[in-house]
Amino acid sequence: MNLCKTPNKLQSALECLVLLALAMALRALCIGKTDLGGDESFTLYMALQSLPDIVAMLTRGDNPPLWETLLHFWTKVFGISEVAIRSLSLIFSALTVVPIYLLGERHIQRFVGIAASLFYCFSTFSIYMAHECRVYSLIGFATASSVYLFVSAIQRPKTFKFILLTLANLMLMYGHYLSVWIIVMEFIITLIIRPIRNKIWKPYLIHAASLVLLFAPMFPVLFRRFLDSGVNGTWIEKTTSPEALYDFLWRMCNEPVTTVLAIVILASAFILLIFNVSKKNFHFGNTAILTLIWIVPLLVSFVLSYFTGFFLDRYFYFLFPIFYLAIAAYCNYLFPKRKAYGWALMGIFAVAMAFSCTPDSSTKRFSGWHSNIKPIVNQLVEAKEKENVLVILPEYFDKQFTYYLDKNHDIFRTQSQPTNYYVFRDYLLNEGYYYDYNYKKADFEAHDKVAFPYHKAMPIKGLKEYLESLGFRLEREQDEPPYSVFYYSR
């Protein structure tokens, strides 16, 4: 029996279902363990607006409106608990296994599909993204689907494949601006690789025209965002060291040991690929397509990040599924005449990923990681009520604080009509909590103690000096990474 091919469609379906179940189980284990993150609370706030307001408000910001629109309808059915709003991410994250498996199994080699799916299943960062009520899991699914449909359409051009490819790429375009990289790379591959161009240029041209037409309303926003980020920069610091590229690979590979193994596989495959490209009879296959799709966006973006800060792991999460496919494909590519060696290398990498996997996303090792918000809220509430402590909150902390202070989430639930930008501020001020920008208006004479939390990267400017000028002295500091809570008294 030829082990390189799946014996039949039933076994292929069973393999895919087992991998899907594994991905779902790993991602469901600790989905509700962490408290709501700051970005999650903002996403929830946006999702609870009316649909016209979601579109109007997000087109002035950094993200297209697709995710918040989907979450808008999701919350109407499942509510707004942590598990409820994250379960949509979990579903898209688990479903990503399907196009990963199909692309590997049908268009490279059976064990490539299985191995790449296992790499993805055991990816700690991918599990973390499944615990994040943000767009990233959707983009990972759309990317894997887009590349699978693109490769499939190259092999056997069919109208329905290009229709599905258009839908997948629209998800990318309306999900996250940086994921447009995938569409750009598919266009470049179609344009520069003659055999591919000759085979699909007509239906691909219709596909590209459809994308342009259907995304037309967002082009001014896209242009404005890229121009603003390029000229004025972003909140992310510019890259200053090649170490950032290694750190990104580390995110993909869980641990340093696995990362080094991946680098060895990558380097060996690239050397062999360059050697083969020099041959006259070189065939531009699916492994080469995967290579271009993940390596070009990563390296070009890395170089550009020296000039403007945007090189953040979760922003480029859409490359993760293609990276895992590429690693598995390289293991197969390195041993064209001794397939068993390639399978063994895939197995070693899968075992390394499995042993280094951490399904508990509260490990706090990644950008945007969650923090223990409930303990901070409970301590500040208790200090305020029992010790008459004056509590001052950073403005960016309002939605998270309100989510746990208002245990029934009534303030969130009443957001949809009409939009009230100040409802959280008004609610907290009514409850006796002050903001960082108006702390001087607080009645310090009526309090002998003051407490305030802040993110370590965003301190409340001038507050400490102001308190000291009023005779307050630091009593204690409580570390709640990435937050600190300061207690002052006099």
Considering every residue within segment 129-143, establish whether at least one is touching a Pro at 6+ places or on another chain (Cβ under 9 Å), of a type in the set (S, T, N, Q) and either more than 20 Å from MET171 (Cα to Cα) or modelled with pLDDT of 95 or more (or both).
yes
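I'd like to check something: does segment 193-208 contain any residue that is in contact (Cβ under 8 Å) with a residue 24 or more places away in the chain, under 27 Å from the mean Cα position of the chain (by Cα) and in the same structural domain as TYR315 (by TED's automatic domain parsing)? Break it down into steps so the answer makes sense when it comes.
Just the residues of segment 193-208 that are in contact (Cβ under 8 Å) with a residue 24 or more places away in the chain, to begin with: 193, 195-196, 199-200, 203-204, 206-207.
Now drop any that are not under 27 Å from the mean Cα position of the chain (by Cα), which leaves 207.
Now restrict to residues that are in the same structural domain as TYR315 (by TED's automatic domain parsing): 207.
Among the residues of segment 193-208, at least one is in contact (Cβ under 8 Å) with a residue 24 or more places away in the chain, under 27 Å from the mean Cα position of the chain (by Cα) and in the same structural domain as TYR315 (by TED's automatic domain parsing), which makes the answer yes.
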Kindly provide the set of residues from segment 115-124 that are in a helix (DSSP H, G or I) and buried (at least 24 other Cβ atoms within 10 Å of the Cβ), ordered by number.
ALA115, ALA116, SER117, LEU118, PHE119, TYR120, CYS121
Just need a number here: residues in segment 237-269 that are touching a Ser or Thr at 6+ places or on another chain (Cβ under 8 Å) and either free of Cβ contacts under 8 Å to residues at least 60 places away in the same chain or β-branched (Val, Ile, Thr) (or both).
6
Could you tell me which residue of segment 433-490 is nearest to PHE397 (Cα to Cα), considering only residues that are part of a loop (DSSP other than H, G, I, E, B) and at pLDDT 90 or above?
TYR433
Pairs needed: first member in segment 9-21, under 12 Å from LEU102 (Cβ atoms) and touching a residue at least 12 places away in the same chain (Cβ under 8 Å); second member anywhere, among the small types (Gly, Ala, Ser) and in a helix (DSSP H, G or I); C-beta distance under 7 Å; at least 6 residues apart or different chains.
LEU19/SER117; LEU20/ALA94
Considering only residues that are more than 13 Å from the chain's Cα centre (by Cα) and either assigned to a loop (DSSP other than H, G, I, E, B) or aromatic (Phe, Trp, Tyr) (or both), which ones fall in segment 304-329?
SER305, TYR306, PHE307, THR308, GLY309, PHE310, PHE323, TYR324
Considering only segment 336-348, I want to know if a residue exists there that is crowded, with 23+ Cβ neighbours inside 10 Å, touching a residue at least 40 places away in the same chain (Cβ under 8 Å), more than 26 Å from PRO482 (Cα to Cα) and aromatic (Phe, Trp, Tyr).
no
In segment 412-427, what count of residues is obtained for those that are crowded, with 16+ Cβ neighbours inside 10 Å and modelled with pLDDT of 65 or more?
5
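State all residues of segment 141-171 that are buried (at least 17 other Cβ atoms within 10 Å of the Cβ) and touching a Lys or Arg at 6+ places or on another chain (Cβ under 7 Å); if no residue qualifies, say none. It would help to see each step written out before you state the result.
Taking segment 141-171 as the starting set, the residues that turn out to be buried (at least 17 other Cβ atoms within 10 Å of the Cβ) are 141-154, 161-162, 164-166, 168-171.
Selection gives LEU149, SER152, ALA153, ILE154.
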Looking only at segment 76-104, count how many residues are at pLDDT below 95 and either among the acidic types (Asp, Glu) or surrounded by 24 or more Cβ atoms within 10 Å (Cβ to Cβ) (or both).
1
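Return yes when PHE486 is surrounded by 11 or more Cβ atoms within 10 Å (Cβ to Cβ) and closer than 24 Å to THR402 by Cα and no when it is not.
Working: surrounded by 11 or more Cβ atoms within 10 Å (Cβ to Cβ): yes; closer than 24 Å to THR402 by Cα: yes.
Spelling it out, PHE486 is indeed surrounded by 11 or more Cβ atoms within 10 Å (Cβ to Cβ) and closer than 24 Å to THR402 by Cα.
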Going by what's in this entry, would THR258 be described as part of a helix (DSSP H, G or I) and polar (S, T, N, Q)?
yes
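Just checking, does segment 40-57 include any residue being under 17 Å from the mean Cα position of the chain (by Cα), surrounded by fewer than 21 Cβ atoms within 10 Å (Cβ to Cβ) and more than 26 Å from ILE322 (Cα to Cα)? Write out each step before concluding.
First, the residues of segment 40-57 that are under 17 Å from the mean Cα position of the chain (by Cα): 40-44.
Checking the rest, the ones that are also surrounded by fewer than 21 Cβ atoms within 10 Å (Cβ to Cβ) come to 42.
Those left that are additionally more than 26 Å from ILE322 (Cα to Cα): 42.
Within segment 40-57, one or more residues are under 17 Å from the mean Cα position of the chain (by Cα), surrounded by fewer than 21 Cβ atoms within 10 Å (Cβ to Cβ) and more than 26 Å from ILE322 (Cα to Cα).
With assigned by TED's automatic domain parsing to the domain that holds ARG314, within 21 Å of LYS399 (Cβ to Cβ) and without any contact (Cβ under 8 Å) to a residue 40 or more places away in the chain as the only criterion, which of LEU58, LEU70 stands out?
Values: LEU70 fails: without any contact (Cβ under 8 Å) to a residue 40 or more places away in the chain.
Unique residue meeting the criteria: LEU58.
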From the list PHE401, PHE349, which residue is outside the structural domain of CYS121 (by TED's automatic domain parsing), modelled with pLDDT of 90 or more and closer than 29 Å to TYR315 by Cβ?
PHE401
What is the residue count in segment 134-162 for residues that are without any contact (Cβ under 8 Å) to a residue 24 or more places away in the chain and either outside any helix (DSSP H, G or I) or β-branched (Val, Ile, Thr) (or both)?
2
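The values are calculated or read from the model by the stated rules, or taken from the named source; none is laboratory data. Since we're looking at a predicted model, the values are computed, not measured. Please note: Cβ atoms are built from the backbone with ideal geometry, for glycine as well, and neighbour counts cover all protein chains shown.
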